[in-house]
Amino acid sequence: MKKKILLVDDDKNIRDLYEFLLEKAGEFIIRHATDGHEAFRIFDEFHPDLILLDVMMPRLDGLQVLKKLRQSNPDVIIVINTAHADVKKNMISWTAHAIIEKTMLPGEVIATIKRLLSEADDQK
C-alpha cells in the first residue's frame, strides 16, 4: 500500500522537485501545502503518514506547525526540510523524526523518508 506524504513548502521549485522525486519512486501518494495554515487543512482531510516540512514560510512557520502537530498528532512522522542548519538550536525541532538540509542529495532524502516509514511499520 502506498504511503501518503504531505509536502509543506512555500517554494514552488522545491515542492515540484520533491513531488517529482517521490512520484518517481512510485511508492507514495503526495499532496502539498504552501504554508502552515494550508498544511493543517490538508492534514485533516488527507491523514498523511509523513510530513516533509519547511521551516521558513509565511503566516505560520514550520516550527509552529511542528509544535501544534506534536500536541494533536504525536505519532505522525515529521521531517524538517530546511536550508537553515541553525534550526537545530531550537528545541521544538528536536521533536521531529529527522532534520534534512535542502542541499542533501535527492537520493538521500528519499532514503531517509523510506527508512522512517519502514521503521514506523516495524513498530506497529
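Okay, here's what the table says:
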item	result
GNM result for the chain, Cα springs below 10 Å: residue of D61, D11, D49 fluctuating most strongly	D11
Relative counts (whole %) of C-alpha pair distances in the chain, using bins that are 10 Å wide	13, 51, 34, 2
Simple Cβ-charge dipole of the chain, Lys/Arg +1 and Asp/Glu -1, about Cα centre, in debye nearest 20	200 debye
Model label zone, E45; criterion: amide N under 15 Å from point 7 Å along Cα-to-beta-carbon; scope region 57-85	none
Long pairs among K2/K124; K24/K102; K24/K124; K2/K68; K24/K67; K24/K68, criterion Cα-Cα beyond 24 Å	K24/K124; K2/K68; K24/K67; K24/K68
Gaussian network model of the chain, Cα within-10 Å springs - most flexible of T34, T103, T95	T103
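The numbers here are math on the coordinates, done by the rules we state, and not lab data. Quick caveat, the model's predicted, so the values are computed rather than measured. Glycine also receives a Cβ, built like all others from the backbone with ideal geometry; neighbour counts cover every protein chain displayed.
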